[in-house]
Each structure stands twice: as C-alpha cells, then as structure tokens.
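First the structure, in the form of structure tokens, and then the observations on it.
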Amino acid sequence: MKIKSLKNKKIIENLFRSTVSVVQNEIKVSGDNGKESPPCFCVSVPKKHFSRAVDRNKIRRRIKAALRNIKIKANGNYLVVYKSLDIMPYKEVEKTLGDIFNHSW
C-alpha cells in the first residue's frame, strides 16, 4: 500500500489536540474520520526522548515500513506518536500497529 505523507500543519495540529486516539505498547495513534483514500500519515518521534537524529529517523523508517506492510482498511488522516523510551524491534512495531488499525479503527 502507498503511504501518503501528511504535510498540512493545521490538520497535524488538530490531530495533536484530538481526543480520538488509541495507545498500545507506547505507540499512540490519533485520527480523524476524513474521506482521504489512501489514508495520510504523520509520524512523530519526540526529540526529548531521542536526542540523536539517527535514532529518530530509524524509528520513523520502521513505523513507515510497518504501515506499508499491514492492511489498513480505514480512511482519513492519522498521527502516529512513538512514546517509548527504547527503540522497539521492527516486528514488535509492526504487530502493535497491526493490532491498532485492525481492531480499533
């Protein structure tokens, strides 16, 4: 599946304030019920927890690869925030995101 990046600052700001969210294994996913097809994603890894850009980019790449591999049936805009203090293995990230999108949305 093609991952479309979310670039609109107003939409991203609204997703950060959104009350519709799911948290599982230190990954928080906020979303709106838009009509975007394919869905748009924004991935956020806080600089507070990972001061090195290499680590933040590694986590972002893992999340984006996992989103490409799982089957997402939902439409709209989504914000994925990584809240863990450790770098999770790819398999764990993929399993967590799969559980979130297949059961919650």
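The values are calculated or read from the model by the stated rules, or taken from the named source; none is laboratory data. All of these numbers come straight from a predicted model, not from anything done at the bench. In this analysis, Cβ positions are derived from the backbone assuming ideal geometry, glycine residues included, and neighbour counts consider all displayed protein chains. Ligands, DNA and RNA are stripped out before the accessible areas are found, and what is left, the full protein with its side chains, is counted by its heavy atoms. Shrake-Rupley method; radii C 1.70, N 1.55, O 1.52, S 1.80 Å.
Computed quantities for the displayed model
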item	result
Lys, Arg +1 and Asp, Glu -1 on Cβ, resulting dipole of region 18-105 about Cα centre, debye, nearest 20	340 debye
Probe 1.4 Å, all protein chains present, accessible-area order of Ile87, Ile12, largest first	Ile87, Ile12
Apportionment of accessible area to carbon and sulfur, the chain, percent (1.4 Å)	48 percent
Accessible area of the chain divided out per residue, in Å², using a probe of 1.4 angstrom	62 Å²
DSSP bridge pairs, the chain: antiparallel proportion in percent, nearest 5	55 percent
Matching label, semi-axes √(5λ) of the Cα gyration tensor in Å computed from the structure shown, candidates [x] 20, 16, 13; [y] 23, 15, 12; [z] 45, 14, 10	[x]
Karplus-derived 3J(HN,Hα), 6.51/-1.76/1.60, for each residue of region 25-31, Hz, glycine and proline x	6, 6, 10, 10, 10, 10, x
Listed residues Val45, Val80, Val54, most fluctuating in the chain (Gaussian network, C-alpha, under 10 Å)	Val54
Solvent exposure ordering (accessible area, 1.4 Å, most first) of Ile3, Ile100	Ile3, Ile100
List Phe16, Phe41, ordered by accessible area with a 1.4 Å probe, largest first	Phe16, Phe41
